[in-house]
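Below you'll find the structure, written out as structure tokens, and then a few comments.
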Amino acid sequence: MVGQNSLRTTQQGVSQCPSHDHRNLSISINVSAPAYLLAMANRPPENWRAWMAEVARDVEAGILGPECADAAEMYPESLLRATDSVLEAFEAEMRVLVEPSDEEAFGAVERVVLALNAVDGDAGHGGAGYCTEEREQLCEYIDLTLGEHGVDVAALAARRGINRAEITDAWRDW
């Protein structure tokens, strides 16, 4: 956890800001299909907001040094709102699909990925965008959301001759 690792470092006399690539923002689950479908996808911007709040609390409490205050602003609100908007549209599209065909499922994936590409490339976010951790969370979110709406993602990918983790790759720039 960011605070615990930083506390140890601070106690040793060296302040260390939480690293962009070492945030523990997602929980991976590996369960059977019925339990998998019960899992609710947590939108990544919720995770990012929670991380920024944790960093801000740790700076305020003196656990992290003041030089870490900028880390709490890694995700501008414009990026968070735009990402939330894209994911809300994806959820709405999936809600209206009843037993989606492969074409419908991949069409929804293509649209959400292209919309996320536009968010990632938008200069209006001050240079902020999706890096490795964000990419992994967004892909996991898409996978979970498909599963919540009755799509067997592993079977869908297999029918296309790809790995489950590759369902966004054909369109993804981030």
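The length gained by stretching the chain between D152 and E73 to full extension, at 0.36 nm per residue less their Cα-Cα distance, is 24.8 nm. Other residues lying with their Cβ under 14 Å from the Cβ of E91 contribute a combined charge of -3, Lys and Arg counting +1, Asp and Glu -1.
Taking 0.36 nm per residue of sequence separation and removing the Cα-Cα distance, the E88/R57 pair yields an extension gain of 8.3 nm.
Percent of Cα-Cα pairs per 5 Å bin, from 0 to the last occupied bin, for segment 97-172, please list those. It works out to 3, 15, 26, 25, 15, 9, 5, 2, 0, in whole percents. In this structure, R164 and L114 have a Cβ-Cβ separation that, at R0 = 25 Å, corresponds to a calculated FRET efficiency of about 0.80. The Cα atoms of segment 31-174 cover 51, 34, 26 Å along the three principal axes, with the biggest extent listed first.
Basic side chains Lys and Arg get +1 at the Cβ, acidic Asp and Glu get -1 at the Cβ, and with that the dipole of segment 87-126 about its Cα centre reaches some 140 debye.
Every read-out reported here was derived from the displayed coordinates using simple, explicitly stated rules and does not represent laboratory data. If you're wondering where the values come from, they're calculated on a predicted model, not measured in any experiment. Because the Cβ atoms are built from the backbone with ideal geometry, glycine has one as well, and the counts that use them run over all protein chains shown.
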